[in-house]
Amino acid sequence: MQKLQNYIDGRLVEPASKEYIDNYDPSKGEVYSLIPDSNEEDVNRAVNAAQKAFPAWSSTSVEKRCEILMRISSLIEQNLDKLANAESKDNGKPVSLAKAVDIPRAATNFHFFATAILHYASESHSMGDLGFNYTLREPVGVAGCISPWNLPLYLFTWKIAPALAAGNCVVAKPSEVTPMTAYLLSEICIEAGLPNGVLNIVHGYGNKVGSSITSHPDIPLISFTGGTKTGAEIAKIAAPMFKKLSLELGGKNPNIIFEDCDFDKMIDTTIKSSFSNQGEICLCGSRIFLEKGIYEKFKTEFVTKTKNLVVGDPTDSKTNLGAIVSEDHMNKILSYIKLAEEEGGTILTGGNQVTLQGDHTNGWYIEPTIIQGLPYDCRTNTEEIFGPVVTLIPFDNEDDLLMMANSTKYGLSATIWTENLSRAHRIAARVHVGIVWINCWLLRDLRTPFGGVKNSGVGREGGVEALRFFTEPKNICLKL
Ligand code: NDP
């Protein structure tokens, strides 16, 4: 069985413990490879390698850094099929999705930040005859990057690429649930000629590797994407150490639909924003708010279209929803469906585990599920489920809508469907989130600030925000 290795100081190496963790193929519910069970010793080795590499990498010209990162981007593109198949096998998502979205985006992340750094400029503030200031923006040192399992290579590279482009060295940990493409990335970095120690990837559990990264005194900056509870634990450790911290956390996003929307566009996109990647995208719209006049029409068509979605073998091109990432997560989603019924909800379609035939019979699958009739403030409507489950909630007017939409502790994103632009802007301004899409969903421009408010996170990723996060400003004042 394939044994993955850590990537430390430019080499693929065994974990210090020599112990390994089972890695599952969720589509079959079986172990198919082994992951290093790393610990503090591996993290220390990775930090030492990163510290050793930092002086040379941080003073490498931006042109040279760009050239190396572009090579990584090209190699990701050249390995599209291999990486997409690996991502699907590790995570359960359809191969077609990994091929169209996850892997191309990972290549783009490197491409985007490799070139962004060429255009990154710092500020100067003139004081007239008195003097002037200029601000240097220097790499921080060793950056700790921790990412989740839902968009494994996509989110891993979304952190690593800007950190490296800005001249930092990195110690990174992918989720132990989906380590494969991070491992393949380490092979790509070696082939691309990334100098030893510039990027180090340590595999293993969050409570060992993740917390060793978070608490390491020589890692002054942590970029984390994952659950809100984990984010709070990380903040508790990092805050008294005065680390720079970026937290991209959970969501319970409202999808707001007015009667005057472009119905066909809205319904097709709503299918995607509800069930893409089995609903395991932090930006999925899990609470669908419907203006009363459109409720019945929407319900009928949405249920019909949802029933037509194929839950199946992720390698089959006809599959719309693949496997849920792990048995634990499947059980968590099913427990929320049960809770919804206990809270008085009616399941309009779905609600059950799916058992496939043949060699996929032990895989972890759930029907796309639509629920109505729940109070806006019940647990089903306020806690993150992170699966193919959405609820329908009617509203009468904008004030009621906003009261309900803003009532959770989360504030990541919102989608608004209306042809009335004044209303769209009015709602967009009053909904408490970091990202709003009007008449679209997941239309991404990598230059824009990305992140949430309230319990959805602290700080922003993307474009110049990421480059600012991964650099430290130093102001120099000169008196004339
Ligand atoms: P987790 O918070 O469980 O894990 C995220 C990462 O943190 C994993 O690598 C995990 O390792 C690691 N980790 C776990 N415990 C610790 C710890 N004590 N210290 C340091 N690291 C730790 O999230 P999931 O992987 O379950 O991802 C799903 C969550 O991510 C959802 O809540 C989703 O909303 C959120 N998310 C947010 C996004 C955003 O941009 N706002 C984007 C995508 C997802 P291990 O796997 O070993 O536990």
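The values are calculated or read from the model by the stated rules, or taken from the named source; none is laboratory data. All of these numbers come straight from a predicted model, not from anything done at the bench. As a convention, Cβ positions derive from the backbone with ideal geometry for all residues, glycine included, and neighbour counts pool all protein chains shown. Note: accessible area is taken over every heavy atom of the protein model, side chains too, but ligands, DNA and RNA are not part of it. Shrake-Rupley method; radii C 1.70, N 1.55, O 1.52, S 1.80 Å.
Quick notes on this structure:
- Rounded to 10°, Cα long-axis angle of helix 103-116 versus longest principal axis of the chain: 40 degrees
- Protection proxy ranking, highest mean first, for peptides 160-168, 454-462, 73-81: 160-168, 454-462, 73-81, where packing is the per-residue count of other beta-carbon atoms within 10 Å, averaged.
- Distance (nanometres) between label positions extended 7 Å along Cα→Cβ at LYS3 and ASP268: 5.0 nm
- Apolar share of the accessible surface for the chain: 51 percent from carbon plus sulfur atoms, 1.4 Å probe.
- Nearest 10 degrees, 0 to 90: helix 152-165 Cα axis against the chain principal axis: 30 degrees
- Protection proxy ranking, peptides 367-373, 89-95, average beta carbon neighbours within 10 Å, highest first: 89-95, 367-373
- Annotation: per residue accessible area for segment 101-225 equals 28 Å², rounded to a whole number [probe 1.4 Å, protein chains only].
- Note that segment 254-445 presents 40 Å² accessible area per residue, ligands and nucleic acids not counted, probe 1.4 Å.
- Note on HIS125 and LEU478: their simple-model spin labels are 1.7 nm apart, each label 7 Å out from Cα toward Cβ.
- Between the beta carbons of ASP377 and ASN207, assuming R0 = 41 Å, the FRET efficiency works out to 0.80 to the nearest 0.05.
- Convex hull volume per residue, computed on the Cα atoms of the chain, equals 150 Å³.
- Angle between the chain longest axis and helix 180-192 axis [Cα atoms, degrees, rounded to 10]: 30 degrees
- Members of LYS173/LYS252; LYS272/LYS297; LYS93/LYS292; LYS252/LYS338; LYS332/LYS409; LYS305/LYS338 lying beyond 29 Å, as alpha-carbon distances in this model show: LYS93/LYS292
- Prolate/oblate/rounded label for segment 1-121 (Cα gyration tensor, a/c 1.5): oblate
- When GLU30, GLU384 are compared by accessible surface with a 1.4 Å probe, the order from highest to lowest is GLU30, GLU384.
- Close amide-amide hydrogen proximity is noted between SER33 and ASN23, each under 5 Å apart and 5 or more residues distant or on a separate chain (H modeled in the peptide plane; Pro and chain starts excluded).
- Reduced Cα scattering model of segment 366-443, Debye log10 I(q)/I(0), q = 0.11, 0.17 Å⁻¹: -0.31, -0.75
- Most tightly packed first, judged by the mean number of other beta-carbon atoms within 10 Å of their residues, the peptides 179-185, 291-297, 206-212 read 179-185, 206-212, 291-297.
- Start at zero, step by 10 Å, and the Cα-Cα distances of segment 254-445 spread as 9, 39, 36, 14, 2, 0 percent across the bins.
- Segment 188-222 versus segment 382-396: alpha-carbon centroid distance in Å: 36 Å
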